[in-house]
1. Say we look at region 53-72 and pick out the residues that are under 25 Å from Leu203 (Cα atoms) and among the hydroxyl-bearing types (Ser, Thr, Tyr); which of these is surrounded by the fewest Cβ atoms within 10 Å (Cβ to Cβ)?
2. Evaluate region 89-99: report whether one residue or more is in contact with a helix residue (DSSP H, G or I) (Cβ under 9 Å, 6 or more places away or on another chain), of a type in the set (Lys, Arg) and modelled with pLDDT of 95 or more.
3. Could you please find all residues in region 48-70 being among the hydrophobic types (A, V, I, L, M, F, W, C) and out of contact with any Asp or Glu (no Cβ under 9 Å at 6 or more places or on another chain)?
4. Please tell me if Ile131 is assigned to a helix (DSSP H, G or I), closer than 20 Å to Gly76 by Cα, modelled with pLDDT of 95 or more and in contact with a strand residue (DSSP E or B) (Cβ under 6 Å, 6 or more places away or on another chain).
5. Sort out which residues of region 103-118 are out of contact with any strand residue (DSSP E or B) (no Cβ under 7 Å at 6 or more places or on another chain) and surrounded by 14 or more Cβ atoms within 10 Å (Cβ to Cβ), and write them in order of number.
6. Could you please find all residues in region 240-266 being of a type in the set (A, V, I, L, M, F, W, C), surrounded by 12 or more Cβ atoms within 10 Å (Cβ to Cβ) and either part of a loop (DSSP other than H, G, I, E, B) or modelled with pLDDT under 90 (or both)?
7. Residues that are in contact with a helix residue (DSSP H, G or I) (Cβ under 7 Å, 6 or more places away or on another chain): find the strands (runs of 3 or more DSSP E) completely inside region 140-234 holding 3 or more of those.
8. Could you please tell me which pairs satisfy a Cβ distance under 9 Å, a separation of 6+ or placement on different chains, a first residue in region 29-47 that is hydrophobic (A, V, I, L, M, F, W, C), and a second residue that is at pLDDT 90 or above and surrounded by fewer than 14 Cβ atoms within 10 Å (Cβ to Cβ)?
Amino acid sequence: MLSTFLRSPTYDWLVVGSNGSIGSEITHGLSKSFGKDQISFVFQCAHSRHQFSEACQTLLRNHSMGGPLRVIFSAGRGGFSLDTESALQQKLEFEQFCRSLTSWRSLDRFVLISSLGAHCSQIQSPYQELIFAKEQSVLEHFGQQGLILRLPSMYGWNRHAQRYHGLIGILLRQLRQRLPANVYARMETRRNYLSVNGLVSTLISQSVQGPVLGRRGIVNIQAATNLSIFDVCASFFRATRHRPVLRLLRPLGVDAEHHFPSLVGDASVAINDSVEAWIKWQWRQSYRALQS
């Protein structure tokens, strides 16, 4: 696991889990938004998944100059398959981390990357309980300094791990290799799919209300349109003139649910993010790589 400290003219940033699918793109997006001449320092620390609190405290003690600090927590593992023991351990570690930051006087914002799917699901699970507990910890420890960003089903390219992630990313990878993809769903199962590129562009861009990362409270972020598995396959065909080969396996529990983020309360941001455009861009990139 990796955490990254960035110092800019306006804020110090600490991204916990900066090697993950979302954290790596947020870190890259932040560094690009600062401009080449505006980043004073970038420091990284590799650590185990269970030592992020100690590692982040070391980063802050060694490199913070006392400027306003914004922490983005994008770590965690397991998803809806998480077992009870692992969920409890992650809950305790996160609580400890939150407590360790409450005495950090320069803390301006604590941003938790959370799950919108956990709030859409009607099925209780250790993962859902962990998400609820993390959000409650942020609200209790940081109050108006806290920001919870609930995200839907994410997909994209992890530049750190050099691999695709999320259902759509995996379908693209398998299609490139002319291999079938195992999908635990029905063709009519609807979810909300958002690319990491679309997310990061929204997080760091200016709007009438200011950058999303400067907000407070709870914000649900979602794509403007929900898609079924059939819709996703149609997007692949329009973008590549090829259909992904699916091996549909029996969905159980959460996999069988439809998720409609627009029905979840709290403030929301809807992004016009085209699955078809992302697939087409990635497909062209791979074709150019083969040609060169």
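1. Across region 53-72, the extreme among qualifying residues is Ser64.
2. If we filter region 89-99 for residues that are in contact with a helix residue (DSSP H, G or I) (Cβ under 9 Å, 6 or more places away or on another chain), which is where we start, we get 90-91, 93-99.
Then drop every residue that is not of a type in the set (Lys, Arg), which leaves 91, 99.
Checking which are modelled with pLDDT of 95 or more leaves us with 91, 99.
Yes, that holds for at least one residue.
3. So the first thing to find is which residues in region 48-70 are among the hydrophobic types (A, V, I, L, M, F, W, C), and the list is 52, 55-56, 59-60, 65, 69.
Answer for region 48-70, where residues must be among the hydrophobic types (A, V, I, L, M, F, W, C) and out of contact with any Asp or Glu (no Cβ under 9 Å at 6 or more places or on another chain): Ala55, Cys56, Leu59.
4. Working: assigned to a helix (DSSP H, G or I): yes; closer than 20 Å to Gly76 by Cα: yes; modelled with pLDDT of 95 or more: yes; in contact with a strand residue (DSSP E or B) (Cβ under 6 Å, 6 or more places away or on another chain): yes.
Yes; evaluated as a whole, the condition is true for this residue.
5. At the first step, the residues of region 103-118 found to be out of contact with any strand residue (DSSP E or B) (no Cβ under 7 Å at 6 or more places or on another chain) are 103, 105, 118.
Passing the criteria: only Ala118.
6. From region 240-266, those of a type in the set (A, V, I, L, M, F, W, C) are 245-246, 248-249, 252, 254, 256, 260, 263-264; that's our starting set.
When the remaining residues are screened for being surrounded by 12 or more Cβ atoms within 10 Å (Cβ to Cβ), the result is 245-246, 248, 254, 256, 260, 264.
Val245, Phe260, Val264, listed by residue number.
7. Details: elements: 146-151, 153-158, 163-165, 181-184, 193-195, 217-223.
Strands (runs of 3 or more DSSP E) meeting the threshold: 146-151, 153-158, 181-184, 217-223.
8. Every condition considered, the pairs that remain are Phe43/Asn62.
The values are calculated or read from the model by the stated rules, or taken from the named source; none is laboratory data. Given the structure is predicted, the values throughout are model-derived calculations rather than measurements. For neighbour counting, all protein chains shown are included, and Cβ atoms are generated from backbone atoms with ideal geometry for every residue, glycine included.
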